[in-house]
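Following: one structure in structure tokens, then a few remarks.
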Amino acid sequence: MACYKIYDFQNEMSWLGGRTNGIGGSDASAIVGMNPYKTNIKLFEEKTGRTVSEDISNKPYVIYGKEAETHIRELFKLDYPQYKVEHHEFRILQSLKHPFMQASLDGELMDEDGRKGILEIKTTNILQSMQREKWKDRIPDNYYIQVLHYLLVTGYDFVVLRAHLVSTWGTDVRTQAKHYFIERSEVERDLEYLLQEEVKFWQYVEAGRKPPLRLPEI
């Protein structure tokens, strides 16, 4: 039984408009104080129409990630032929139980046992060794929360996150692909916590009442 309703938009502009109607994956980490770029207060102001989110579509790293996504997804298909991979451009999935929760996926997976999963693609420019450490043996907190949110919306069984790490050494550009596998059964407590916090945050939005500030840990 599907946990979500499907909305397919005709173009990128209408799809972007649809994404403002609730909490998406990139919003979720701000709610729990794990987004290094946005606080829960800033997100609250955006969702209540008090401010407009910054347009970062012209940033070089955003353009790179957008242009690279299709190619990375095709490489993933070659590297992991055991998965059936589907992608629907300009699609939003809306949770039936919590309609304010929505997801735009980089890919939907089916494994050899018929289980459904999520493909998440990240491109990151490694400028400092500290950034590389964040990807060592784990997913950075904000991206971990993002894929948990997608599990909540979809009800799917697992996530594969493919990280495309880019480093520049003089005139040499070095790339590395890393894969992280998350089973829903292993993160149930984190899912329960995130759902609780998202519901609480949306109650503040509906009431127009500012939530207590939550900041990332230093």
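The values are calculated or read from the model by the stated rules, or taken from the named source; none is laboratory data. Keep in mind that this is a model prediction, so the values were computed, not measured. Note: ideal-geometry Cβ built from the backbone for every residue, glycine included; neighbour counts use all protein chains shown.
Tabulated results
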{"read-out": "Single residue of Leu165, Leu215 found to be hydrophobic (A, V, I, L, M, F, W, C), in a loop (DSSP other than H, G, I, E, B) and out of contact with any helix residue (DSSP H, G or I) (no Cβ under 6 Å at 6 or more places or on another chain)", "value": "Leu215"}
{"read-out": "Residue satisfying all of: in the range 113-138; of a type in the set (D, E, K, R) and modelled with pLDDT under 95; surrounded by the most Cβ atoms within 10 Å (Cβ to Cβ) among these", "value": "Lys134"}
{"read-out": "Complete set of residues in the range 1-35 that are hydroxyl-bearing (Ser, Thr, Tyr), closer than 30 Å to Lys134 by Cα and either without any contact (Cβ under 8 Å) to a residue 40 or more places away in the chain or not in a helix (DSSP H, G or I) (or both)", "value": "Thr20"}
{"read-out": "Filter pass, Leu191 being out of contact with any strand residue (DSSP E or B) (no Cβ under 9 Å at 6 or more places or on another chain) and either in a helix (DSSP H, G or I) or loosely packed, with under 13 Cβ neighbours inside 10 Å (or both)", "value": "yes"}
{"read-out": "Sole exception among (1) surrounded by 13 or more Cβ atoms within 10 Å (Cβ to Cβ); (2) in contact with a Leu (Cβ under 8 Å, 6 or more places away or on another chain) for Thr175, by number", "value": "(1)"}
{"read-out": "When residues of the range 3-47 are limited to those that are closer than 20 Å to Lys97 by Cα and aliphatic (A, V, I, L, M), the one surrounded by the fewest Cβ atoms within 10 Å (Cβ to Cβ)", "value": "Ile6"}
{"read-out": "Test result for Arg184, touching a residue at least 60 places away in the same chain (Cβ under 8 Å) and either in contact with a strand residue (DSSP E or B) (Cβ under 9 Å, 6 or more places away or on another chain) or within 26 Å of Tyr83 (Cα to Cα) (or both)", "value": "no"}
{"read-out": "Residue ID - nearest to the chain's Cα centre (by Cα), chosen from residues in the range 61-110 that are β-branched (Val, Ile, Thr) and closer than 27 Å to Thr168 by Cα", "value": "Val62"}
{"read-out": "Single residue of Tyr180, Tyr143 found to be in a helix (DSSP H, G or I), under 28 Å from Asn40 (Cβ atoms) and of a type outside the set (S, T, N, Q)", "value": "Tyr143"}
{"read-out": "Conditions (1) closer than 25 Å to Lys210 by Cα; (2) part of a helix (DSSP H, G or I): number failed by Gly65", "value": "(1)"}
{"read-out": "Candidates Lys77, Lys59, Lys122, Lys116, filtered to the one that is basic (Lys, Arg) and under 21 Å from Tyr7 (Cα atoms)", "value": "Lys116"}
{"read-out": "Selected residue (criterion: surrounded by the fewest Cβ atoms within 10 Å (Cβ to Cβ)) from residues of the range 68-96 that are basic (Lys, Arg) and either within 25 Å of Gln10 (Cβ to Cβ) or out of contact with any Asp or Glu (no Cβ under 9 Å at 6 or more places or on another chain) (or both)", "value": "Lys77"}
{"read-out": "Subset of the range 49-62 that is surrounded by 12 or more Cβ atoms within 10 Å (Cβ to Cβ) and out of contact with any helix residue (DSSP H, G or I) (no Cβ under 9 Å at 6 or more places or on another chain) - its residue that is nearest to Ser167 (Cα to Cα)", "value": "Tyr61"}
{"read-out": "Matching residues, the range 103-127, being assigned to a strand (DSSP E or B), aliphatic (A, V, I, L, M), touching a helix residue (DSSP H, G or I) at 6+ places or on another chain (Cβ under 6 Å) and free of Cβ contacts under 8 Å to residues at least 60 places away in the same chain", "value": "Ile118, Ile121"}
